[in-house]
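Inspection log for the structure reproduced underneath, given as structure tokens.
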Amino acid sequence: MIHIREIDHIVLRVRDLARMLQFYCDALGCTVERRLDDIGLVQLRAGHSLIDLVSVDGALGRAGGAAPGKEGHNLDHFCLRVEPFDEGAIRGELEDRGIVVGPLVRRYGAEGEGPSVYLTDPEGNTVELKGPAGI
């Protein structure tokens, strides 16, 4: 059985990055942890987790389709921190249930860079399962 430890991060697609930064940083107390302006990504520290803001005008945001509103979603994906992270066991269990699991990729999360896989839930939401940094 897969054991979820916590939410690692969520990714929000945003139309007004400055306004969202003001809300999450000034009003809620998050801090900017990392910026990748070339792709339009700002990662905010929210306790042990991250909130990623992806500008719909940036390279990453344009790849996600329509801007948030009636024709587009503002949640790109959410990430669950899994412990232990045994790719073979995770993949086997999910594929036995008919769930397609994407390739293993190293991605940045709340604990740093580590292994992760993407899958899609029955309603079309993208879910990332993430292991610890450093492995």
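The values are calculated or read from the model by the stated rules, or taken from the named source; none is laboratory data. Keep in mind it's a predicted model, so treat the numbers as computed, not measured. As a convention, Cβ positions derive from the backbone with ideal geometry for all residues, glycine included, and neighbour counts pool all protein chains shown.
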Quiz prompt | Top-ranked residue of the stretch 1-30 - restricted to ones that are of a type in the set (Asp, Glu) and in contact (Cβ under 8 Å) with a residue 12 or more places away in the chain, ranked as surrounded by the most Cβ atoms within 10 Å (Cβ to Cβ) | solution = Asp8
Self-check item: Count - residues of the stretch 54-88 that are of a type in the set (Gly, Ala, Ser) and free of Cβ contacts under 8 Å to residues at least 12 places away in the same chain
Solution: 5
Quiz item: Picking from Glu83, Glu87, Glu95, which residue would you name as being acidic (Asp, Glu), out of contact with any strand residue (DSSP E or B) (no Cβ under 6 Å at 6 or more places or on another chain) and within 19 Å of Ala133 (Cα to Cα)?
Solution: Glu87
Self-check item: Unmet requirement for Glu33, which otherwise passes all of (1) touching a helix residue (DSSP H, G or I) at 6+ places or on another chain (Cβ under 8 Å); (2) under 20 Å from Val14 (Cβ atoms); (3) free of Cβ contacts under 8 Å to residues at least 24 places away in the same chain
Solution: (1)
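Applying the selection to the stretch 31-42, what residues are surrounded by fewer than 20 Cβ atoms within 10 Å (Cβ to Cβ) and either among the hydroxyl-bearing types (Ser, Thr, Tyr) or under 28 Å from Val82 (Cα atoms) (or both)?
Thr31, Val32, Glu33, Arg34, Arg35, Leu36, Ile39
For (1) surrounded by fewer than 14 Cβ atoms within 10 Å (Cβ to Cβ); (2) at pLDDT 90 or above, each residue gets a yes or a no:
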residue: Leu44; (1), (2): no, yes
residue: Gly65; (1), (2): yes, no
residue: Lys70; (1), (2): yes, no
residue: Cys79; (1), (2): no, yes
residue: Glu83; (1), (2): yes, yes
residue: Ile90; (1), (2): no, yes
residue: Asp96; (1), (2): yes, yes
Quiz item: Within the stretch 52-63, can one find any residue that is surrounded by 13 or more Cβ atoms within 10 Å (Cβ to Cβ), over 22 Å from Leu129 (Cα atoms), modelled with pLDDT under 95 and among the hydrophobic types (A, V, I, L, M, F, W, C)?
Solution: yes
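Give the residue, chosen from Tyr108, Tyr118, that is more than 15 Å from Ile2 (Cβ to Cβ), within 13 Å of the chain's Cα centre (by Cα) and not in a loop (DSSP other than H, G, I, E, B).
Tyr108
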Self-check item: Check on Ser49, modelled with pLDDT under 95 and touching a Leu at 6+ places or on another chain (Cβ under 8 Å)
Solution: no
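Residue by residue, here is whether (1) aliphatic (A, V, I, L, M); (2) in contact (Cβ under 8 Å) with a residue 24 or more places away in the chain holds:
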{"position": "Leu94", "(1), (2)": "yes, yes"}
{"position": "Gly98", "(1), (2)": "no, no"}
{"position": "Val101", "(1), (2)": "yes, no"}
{"position": "Glu111", "(1), (2)": "no, yes"}
{"position": "Pro115", "(1), (2)": "no, yes"}
{"position": "Tyr118", "(1), (2)": "no, yes"}
{"position": "Gly131", "(1), (2)": "no, yes"}
Practice problem: All but one of (1) under 24 Å from Pro132 (Cβ atoms); (2) of a type outside the set (Val, Ile, Thr); (3) at pLDDT below 90 hold for Asp8, so report the exception by its number. | Solution: (3)
